[in-house]
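Only one structure is covered here, and it is reproduced in the block below.
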Amino acid sequence: MEKTLDQQLRPASVVISLDFEMRWGVHDIYGLNFDGYRENLKNCRPVVLSTLELLAERNLRATWATVGAIGMNDWDEYFSVVPPPPAYTDPKLVVREEYADLDPSGALHFAPDLIRQIVQTEGQELGSHSFSHLYFREPGITVTDFLADMVAVEKLWGERFGVTPVSLVFPRNQSAFTDQLNKTSIKIWRGPEPAWFYDCTSRHANTLLPRALRLVDSINPWGRRASQTGSGMGRASLFVRFGLPEPLWKLQVRRIENELNGLGPGDTFHCWWHPHNLRFDLDFGESRLSQVLDLIAEGCEKNKLTSLRMQDFVES
């Protein structure tokens, strides 16, 4: 794609976006099995705090695409304000009331204090990841569901955290209803990496083949997914897989280095992950996180790259 004059004049940049979900992001996978993935989810709190500290130490900006429901105080408040659930063809996608019985304290679902910490940390952006981690490409969901969800996040972010969300990351990268975004506060959204297997995001399309191709692509040290970003869609470049075996991890690290070293004017390297991807072994996960953030910080200094949030492309 040919660069616009604005992109040609813009310095190369690095964007970090984090999909902050807690259990909302995996509820349809584990259902009423609250022991499944529990350790990873319990570590979300220390991981978020540690990540904020590590980003601040390196003067790196990031967009925290956060599930709106995390900003609730408890289940009573959540059920009093959440929009009616979509009439999904697959009922497993609907948030169940039984979750409140299995997690009565809401420790795996609610953390408004962490959102406040994000908002109060310099250089960090609070973006939207939908209100209840809805799946916008699954059968049964409607444009009414989409708009109600967007409004719920916008209302909560404004009233409770003094923020108007302008950046959106679609849950499971299931981008849809983008022609309706002009009815919301959203100005930029994260699109998939530019290959067909990254756009296979619905449950029906996300088969073994595209998943395998995404894994291979992520550890290909010669791959290039940097792109030009502006208002509207900003493409992702790489999902960071912190749990890879050491040989594959080294390949992914080399991929990140090569991406950072190969950026030209107007190019953006956009990497992303979930806090729970750091796994249940905090020392292991935080060591790899530090390695990635050090690479980015060193790349910014060496190659004169600019660390940006998604919203910075709207404001520039």
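Points to keep in mind about this one:
- Every residue from the range 135-162 that is in contact (Cβ under 8 Å) with a residue 40 or more places away in the chain, within 15 Å of PRO84 (Cα to Cα) and loosely packed, with under 15 Cβ neighbours inside 10 Å: THR142
- Residue selected from the range 65-90 under the condition farther than 30 Å from CYS271 by Cβ and assigned to a helix (DSSP H, G or I), by the criterion most open to solvent (accessible area, probe 1.4 Å): ASP76
- Per-region count, the range 91-103, residues part of a loop (DSSP other than H, G, I, E, B), open to solvent by less than 40 Å² (accessible area, probe 1.4 Å) and in contact (Cβ under 8 Å) with a residue 60 or more places away in the chain: 2
Conditions (1) touching a residue at least 40 places away in the same chain (Cβ under 8 Å); (2) not small (Gly, Ala, Ser), marked per residue:
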residue: PRO245; (1), (2): no, yes
residue: LEU248; (1), (2): no, yes
residue: ARG255; (1), (2): no, yes
residue: ASN261; (1), (2): yes, yes
residue: GLY264; (1), (2): yes, no
residue: PHE269; (1), (2): yes, yes
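- Flag for LEU248 being in contact with an Asp or Glu (Cβ under 8 Å, 6 or more places away or on another chain), open to solvent by 10 Å² or more (accessible area, probe 1.4 Å) and farther than 30 Å from HIS109 by Cα: no
- One residue alone among SER132, SER185 is crowded, with 19+ Cβ neighbours inside 10 Å and small (Gly, Ala, Ser), and that residue is SER132.
- Odd one out for ASN43 among (1) surrounded by 15 or more Cβ atoms within 10 Å (Cβ to Cβ); (2) within 21 Å of the chain's Cα centre (by Cα); (3) modelled with pLDDT of 95 or more; (4) over 24 Å from ILE186 (Cβ atoms): (3)
- Candidate set from the range 252-270 (those that are surrounded by fewer than 18 Cβ atoms within 10 Å (Cβ to Cβ) and not small (Gly, Ala, Ser)); member that is farthest from LEU305 (Cα to Cα): ARG254
- Within the range 245-272, being closer than 15 Å to LYS302 by Cβ, assigned to a loop (DSSP other than H, G, I, E, B) and in contact with a helix residue (DSSP H, G or I) (Cβ under 7 Å, 6 or more places away or on another chain) holds for one residue alone: LEU263.
- Of all the residues in the range 203-229, those that are open to solvent by less than 20 Å² (accessible area, probe 1.4 Å) and part of a loop (DSSP other than H, G, I, E, B) number 3.
- Selection of the range 119-164 for residues being touching an Asp or Glu at 6+ places or on another chain (Cβ under 6 Å) and over 19 Å from ASN206 (Cβ atoms) yields only PHE131.
- Conditions (1) open to solvent by 40 Å² or more (accessible area, probe 1.4 Å); (2) touching a residue at least 60 places away in the same chain (Cβ under 8 Å): number failed by ASP199: (2)
- Check on ILE296, in contact with a Leu (Cβ under 9 Å, 6 or more places away or on another chain) and assigned to a helix (DSSP H, G or I): yes
- Applying the set (1) crowded, with 19+ Cβ neighbours inside 10 Å; (2) modelled with pLDDT under 95; (3) assigned to a loop (DSSP other than H, G, I, E, B); (4) not hydrophobic (A, V, I, L, M, F, W, C) to PRO165 leaves exactly one unmet item: (2).
The values are calculated or read from the model by the stated rules, or taken from the named source; none is laboratory data. Because the structure is predicted, anything quoted here is derived from the model rather than measured. All Cβ positions, even for glycine, are placed from backbone atoms using ideal geometry, and neighbour counts span all protein chains on display. Please note that ligands, DNA and RNA were not included when accessible areas were found on the heavy atoms of the full protein model with its side chains. Shrake-Rupley method; radii C 1.70, N 1.55, O 1.52, S 1.80 Å.
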